[in-house]
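*Asks:* Sharing a structure here in structure tokens format.
The values are calculated or read from the model by the stated rules, or taken from the named source; none is laboratory data. The structure displayed is predicted, hence computed values, not measured ones. Every residue, glycine among them, receives a Cβ derived from its backbone with ideal geometry; neighbour counts consider all protein chains shown.
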Amino acid sequence: MLDCKPGKIMVDCTLGGSGHARLICEKICPGGTFIGIDQDKDAIENAKTRLLPFADRVHLFHGNFSSLGVFLSELNIDMVDGALVDLGVSLHQLSAGGRGFSFRADEPLDMRMDTRSDLTAETLLNTGTAGELEHIFRTYGEERWAKRIATHIIRYRDQNPLKTSRQLADLIITAIPKKAAAKQKIHPATRVFMSLRIAVNKELDVLEHFLDSILDHLKPAGRLCVLAFHSLEDRIVKKRFESWRKPCTCPPDFPRCVCGKIPLIKNLTPKVLRPGLAEIEKNPMARSTRLRAIEKL
């Protein structure tokens, strides 16, 4: 979908473990330029090692991908041939990040992807009102038992401040009715942890801001691929892609377009792409992935 070829300028907006980055570099070199961005400093350090064979063609930036324009200007680059955004949390952050992204370990409730940020999950959980916490769990996690969980957290923290991921996971389990928890295919704490991560890192706002300007940084025939793992993220991407494909603002009953707004992109994925059973078996983390891609006209 990215159409990687030697000599092209490509951006990986979310380096993570640099798996995508390595493959992109192999395809665009020699002669290509790779730009990698991540707000997690560990991801930047890892990329320096994994991309060492291509070091003379690689530029790494520690920051948020919504600042793509700033990073490109530092390189005196106006437009790129392709950009990849892999949303969500990386395997490293889940398994060894030490920041409470996973409920399977007992770690501090941090959840910041960029540790230079001020807001942590611990602060949010111990200072937010019941209404605020319920809103986060319901809106970002689509959690059915958001109100019960928020109420349990308020009651619990009056006696014991929430500090670790294990504390929170155990509390969520007690808040959800046992019969309902038994019917869930995922761990009862999954949606709450995801919603907190999204809130702490303002992930949906960042995505919207990035989409506001990305077409300005793509060359004609340049491509954008977005991997989403959450229906809220995917909905934002789908809606934006559709607005670029059909920008006309004329009323539906007009016989022809008079606003003069023409399509900005070609949609390469009219139907969202999902992983097959073989891929899910090989990589269980891919099970909820949604891939959407466009080409700029």
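*Asks:* Residues of region 243-283 being part of a loop (DSSP other than H, G, I, E, B), of a type in the set (Val, Ile, Thr) and within 22 Å of residue 223 (Cβ to Cβ), which ones?
*Replies:* Those that are part of a loop (DSSP other than H, G, I, E, B), of a type in the set (Val, Ile, Thr) and within 22 Å of residue 223 (Cβ to Cβ): 262, 269, 272.
*Asks:* Out of the residues in region 129-173 that are over 20 Å from residue 200 (Cβ atoms) and in contact (Cβ under 8 Å) with a residue 24 or more places away in the chain, state the one that is surrounded by the most Cβ atoms within 10 Å (Cβ to Cβ).
*Replies:* 145
*Asks:* How many residues, within region 209-242, are under 21 Å from residue 82 (Cβ atoms) and assigned to a helix (DSSP H, G or I)?
*Replies:* 17
*Asks:* Only residues in region 11-35 that are among the basic types (Lys, Arg) count as the first member; pair them with residues that are at pLDDT 95 or above and not in a loop (DSSP other than H, G, I, E, B), Cβ under 6 angstrom, at least 6 apart or cross-chain, and list the lot.
*Replies:* Here the result reads 22/50, each pair linking region 11-35 to a residue that is at pLDDT 95 or above and not in a loop (DSSP other than H, G, I, E, B).
*Asks:* Look through region 224-260, keep the residues that are of a type in the set (D, E, K, R) and more than 29 Å from the chain's Cα centre (by Cα), and return whichever of them is farthest from residue 141 (Cα to Cα).
*Replies:* Step by step, filter region 224-260, then rank; the result is 256.
*Asks:* Quick check, is residue 19 small (Gly, Ala, Ser) and either over 30 Å from residue 171 (Cα atoms) or out of contact with any strand residue (DSSP E or B) (no Cβ under 8 Å at 6 or more places or on another chain) (or both)?
*Replies:* yes
*Asks:* Hey, another quick one. Would you be able to say whether some residue in region 75-87 is over 24 Å from residue 237 (Cβ atoms) and crowded, with 17+ Cβ neighbours inside 10 Å?
*Replies:* The answer is no, given that none of the residues of region 75-87 is over 24 Å from residue 237 (Cβ atoms) and crowded, with 17+ Cβ neighbours inside 10 Å.
*Asks:* Condition first: among the polar types (S, T, N, Q), out of contact with any helix residue (DSSP H, G or I) (no Cβ under 7 Å at 6 or more places or on another chain), part of a helix (DSSP H, G or I) and more than 30 Å from residue 4 (Cα to Cα). Can you find one or more residues in region 187-195 that meet it?
*Replies:* yes
*Asks:* Something else about it: Does region 184-192 contain any residue that is under 28 Å from residue 72 (Cα atoms), at pLDDT 90 or above and charged (D, E, K, R)?
*Replies:* Scanning region 184-192 turns up no residue that is under 28 Å from residue 72 (Cα atoms), at pLDDT 90 or above and charged (D, E, K, R).
*Asks:* Continuing with this model, one more query. Please go through region 125-154 and pick out each residue that is more than 21 Å from residue 231 (Cα to Cα) and polar (S, T, N, Q).
*Replies:* 126, 127, 129, 151
*Asks:* So how many residues does region 36-67 have that are within 15 Å of residue 19 (Cβ to Cβ), modelled with pLDDT of 95 or more and small (Gly, Ala, Ser)?
*Replies:* Qualifying residue count for the region: 2.
*Asks:* So, residue 199, is that one of a type in the set (Gly, Ala, Ser) and modelled with pLDDT under 95 or not?
*Replies:* No.
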